[in-house]
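Read the figures in this text as sums done on the coordinates, not as results from a lab. Treat the numbers as computed from the prediction; the structure is a model and nothing was measured. Please note: Cβ atoms are built from the backbone with ideal geometry, for glycine as well, and neighbour counts cover all protein chains shown.
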Amino acid sequence: MTLTAPFPTSSTRTGPIPTVAHEPRLEITAPLAPRYDEILTPDAIAFLTALHTRFGGRRHDRLAARLRRRFEIGNGHDPGFRDDTAHIRDDLGWRVAGAGPGLDDRRVEITGPTDPKMTINALNSGARVWLADQEDATSPTWRNVIEGQLSLRDAIRGDLRFTSPEGRTYEVTAERTPTIVMRPRGWHLPEKHIRITDRTGRELAASGSLVDFGLYFFHNAAELIARGRGPYFYLAKLESSEEAKLWDDVFTFSERHLGIAHGTIRATVLIETLPAAFEMEEILFELRDHCAGLNAGRWDYIFSIIKNYRGRGARFVLPDRSEVTMTVPFMRAYTELLVKTCHRRGAFAIGGMSAFIPNRRDLEVTARAFEKVAADKKREAGDGFDGTWVAHPDLIPTALAEFDAVLGDRPNQLDRQRDDVQVAASDLLDVHIGRPVTAAGVHANVSVAIRYLEAWLRGLGAVAIDNLMEDAATAEISRSQVWQWIHQEHRTDLGQQITREYVERLIERVLAEAPRADGDRFDDAAQIFRDVALREEFPPFLTTAAYLAFLD
């Protein structure tokens, strides 16, 4: 399906339209299933085309800047707090917009994908906020991308119902449903099923970010406002304040396009990359008219540390994934700085997701999950966070109890300034933990990554594995640790050098132990793992090439 999209009228554009040799157009290369035309309407396509025309080039510039920065860090130039933006940090006069309607109390947020069943479960969960995740918890198949939009559209209008293949009916029954905060894909991810021909005649894959954001905003912004909420977003994988500025300009243009008030959109930025940790205030500043807060995206943050320092020597090698907890020095520094920065600027500080989940068939596992999650949320509430994430509805009472104990009747603790926190650049880079890499830890990384990828290839983005909730971020940790251990010629605590051959034997072991069935994707998953963990070069993201090669 090809649609030629007109430019917006002069009342909606942000600047003069240059003379072009080609009129931008958008082509959908995937089949359209029933109801897809409700999302991919001509007007929505025109809006997506306008977003790509204005912001596609800047997106590519920012991705190129990421590569340059990663090259610099890899060659010995440690990140630090920027001299050229010191005036922003020193100016105490600015604040962010803060909470929009329905976002003033965020003490427990539930995360999850946007398929109909999970959408209904999230809306019935009792959480204050639902992170409707089109990113790490969603495998970006064409079906998941568009039908996730349909689920959200129906849910916002009170029309969502679902009947499982077994005949069980799901519907929203809660009197008070969580405020929806939608997470589009990060700037780096394409949408291969939509092709954009730009003003120069080049044909490019669309931006996953702009597609996810654009379709959700276009169809739901006015409806959300009418129902007393608003179009709210989580922004993933940002690495600089310039990337935040790009989002802010997208928001401003989009508000003008639909004729809604400037600042209606609210965004919460995940600080889940090492470079972004050094620019928290600058990110808040660039998004200040649209910003509600920051989130401590712990799993991607650990991955970012490994990715940036993977070739910098043995002292940057992290131990078993299970040993990299929120209490190790660099993670404590990062989270305490986040709370201090947010409250200094009137922004919410939202904690991350503990991976432990209950198992209703195993009381011991469930008790351990509750204990671990309670300790994690007690620490976050005590540190000054205003809310936190959970990945399972059964964990909401546990997390809520810990935040209620600190907050009481207050909706947040924005008034709590962390003037006692002093974090230097060296603190954010203090990755010494003093624990070994074990044979069990290497095997766990190989096993978890392959089993997660197998599920991801079948369209599942969030998967319970060994009583932990795994998503793309935790899989990234697993494969990047294996890559680093090999290239740093690291040894296990028993003296076994971690080599490609050693890991290859573990892959074969995992495949032999896997529950094989017709239609499984274990062989493809193992091949992806080899490509991202055993090759000489290090792919920045495991999902990018796998998406282009394997997903429909």
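General observations
- Listed residue (Ile225, Leu548, His60) projecting farthest to the positive dipole end of the chain, Cβ model: His60
- Considering region 362-458 at the alpha-carbon level, its Rg and Dmax are found to be 18.2, 48 Å.
- Separation of region 354-374 and region 139-215, taken as the distance between their Cα centroids, equals 30 angstrom.
- For region 439-550: Kirkwood Rh in Å [reciprocal of mean 1/r, alpha carbons]: 14.1 Å
- Asn295 long-range amide H proximity, modeled H, under 5 Å: Val269, Leu270, Ile271, Ile350
- Expressed as a fraction of 2.2 N^0.38 Å, the C-alpha radius of gyration for the chain is 0.93.
- The DSSP beta bridges internal to the chain are antiparallel in roughly 45% of cases.
- Whole-Å distance, taken between Cα centres, linking region 229-285 and region 481-536: 37 Å
- Counting every other Cβ atom within 10 Å of each residue's Cβ, Val211, Val250 order from fewest to most as Val250, Val211.
- Low-density loop positions, chymotrypsin sites (Phe, Trp or Tyr not before Pro), region 318-397 - DSSP coil, at most 10 other Cβ in 10 Å: none
- Once the Cα-Cα distance is subtracted from the 0.36 nm per residue extended length, the Arg256 to Arg516 segment shows a gain of 88.4 nm.
- Relative contact order, whole percent, for region 439-550 stands at 33, derived from Cα pairs under 8 Å and 6 or more residues apart.
- Cross-link reach list, aspartates and glutamates versus Lys245, counting only Cα pairs under 14 Å and skipping chain neighbours closer than eight places: Asp61, Glu279, Glu281, Glu282, Glu286, Asp289
- Loop trypsin sites (Lys or Arg not before Pro), region 201-274, which have at most 15 other Cβ atoms in a 10 Å radius of their Cβ (DSSP): Arg202, Arg227
- Ranked by how many other Cβ atoms sit within 10 Å of their own Cβ, fewest first, the residues Ser322, Ser209 fall in the order Ser322, Ser209.
- What you get for region 208-258, charging only the Cβ of Lys and Arg (+1) and of Asp and Glu (-1), is a dipole of about 260 debye around the Cα centre.
- For region 368-473, the Cβ-based charge dipole about the Cα centre amounts to some 380 debye (Lys, Arg positive; Asp, Glu negative; other atoms uncharged).
- Ascending count of other beta-carbon atoms within 10 Å, so fewest first, for Ser151, Ser304: Ser151, Ser304
- Dipole magnitude (debye, nearest 20) for the chain, charges at Cβ of Lys, Arg, Asp, Glu: 360 debye
- DSSP-loop GluC sites (Glu not before Pro) across region 107-214, with at most 16 other Cβ within 10 angstrom: Glu166, Glu175
- Binning the alpha carbon pair distances of region 141-244 at 5 angstrom intervals from zero yields the distribution 2, 10, 17, 19, 17, 15, 10, 5, 2, 1, 0, expressed in whole percent.
- Value at 222 nm in deg cm²/dmol, rounded to 500, when DSSP H runs of n ≥ 4 in the chain each add -39,500 (n - 2.57): -14500 deg cm²/dmol
- Bridge type composition, region 47-185 - antiparallel percent by DSSP, nearest 5: 25 percent
- Cα extents of region 97-162 along the three principal axes, largest first (Å): 34, 25, 21
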